[in-house]
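Everything on this sheet refers to the single structure shown next.
The values are calculated or read from the model by the stated rules, or taken from the named source; none is laboratory data. The structure displayed is predicted, hence computed values, not measured ones. Cβ atoms come from the backbone with ideal geometry, glycine included; neighbour counts cover every protein chain shown. Remember, those area values only see protein heavy atoms, side chains included, never the ligands or the DNA or RNA. Shrake-Rupley method; radii C 1.70, N 1.55, O 1.52, S 1.80 Å.
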Amino acid sequence: MSWRPSAWDLLRFLLVVALACLDASLLPRLGGALPDLVLVVVVAAAMLRGPTSGALVGLLAGWVVDLVPPAGHPLGATALVYAAAAALSGLSRRWVTWSPLLPAVVTAAAAAVVELCVWLVTASRGGAFAWADAGWSVLFTTVVGALAVPALLRLERALVRRRWA
């Protein structure tokens, strides 16, 4: 049995590319801590598909983020971090329908994993880490995830029911 990309897989890829470009170009002009919009899409995919597929989506989305200029870290670093965050998020697949708060909790955990990895890289280079910006970024990503992840989950389930995904 071979894997063929579905219409939703292509739409998810285009969404990740668009959000990565938005994260790199328009949002930094607002200044301060910003939500990680690509991570929200990765978390939604991981929560619905599980840790293995989620890690693959995270890896591919991380590569897209790494390739969008300006890249300030080694190629593949974001991909590995997103894969780890997605694998952890995918562990919640079994309980995804239990609580409407679960997407927010899982998104917060994934954003915390990403910020923890950024802190580790910054500490290894001897740089200063902005704890306040990291906290705000986790908070903003959690709020966006609480709103967007349930909508993405409903959309993908509807597409699966119609056999489009």
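Between VAL143 and TRP95, what FRET efficiency comes out of the Förster formula 1/(1 + (r/R0)^6) with R0 = 25 Å and r the beta carbon distance, rounded to 0.05?
Details: r = 21 Å, r/R0 = 0.84.
Step by step, r from the Cβ atoms, then E = 0.75.
With a 1.4 Å probe and every protein chain left in place, tell me how much accessible area PHE13 has, in Å² to the nearest 10.
Near enough 110 Å² of accessible area.
So what is the relative contact order for the chain, in percent, with contacts set as C-alpha pairs under 8 Å and at least six apart? If you can, show how the numbers build up before the last one.
Details: 226 pairs, mean separation 46.0, N = 165.
For the chain, the relative contact order is 28 percent.
Write down the accessible area per residue of segment 22-159 in Å², having rolled a 1.4 Å probe over the full set of protein chains.
Details: 7100 Å² over 138 residues.
That works out to 51 Å² per residue.
Which of the peptides 56-69, 133-146 is most tightly packed, and how do the rest follow, going by the mean number of other Cβ atoms within 10 Å of each residue?
Values: 56-69: 20.7, 133-146: 18.9.
Descending mean neighbour count gives 56-69, 133-146.
Which value in Å does the Kirkwood hydrodynamic radius of segment 45-149 take, with 1/r averaged over all unlike C-alpha pairs and then inverted?
Numbers: mean 1/r = 0.0709 Å⁻¹.
The answer is 14.1 Å.
Nearest 20 debye, what's the magnitude of the dipole of the chain about its Cα centre given +1 on Lys and Arg Cβ and -1 on Asp and Glu Cβ? Display every interim value, and only then the final one.
Numbers: 12 positive and 7 negative charges, 155 e Å.
Dipole of the chain, to the nearest 20 debye: 740 debye.
Would you mind telling me the share, in percent, of accessible area of segment 40-83 contributed by carbon and sulfur at probe 1.4 angstrom?
Summing carbon and sulfur atoms, their accessible area is 77 percent of the total for segment 40-83.
Going by average Cβ neighbours within 10 Å, how do the peptides 104-117, 41-54, 150-163 rank, with the highest at the top?
Final packing ranking: 41-54, 104-117, 150-163.
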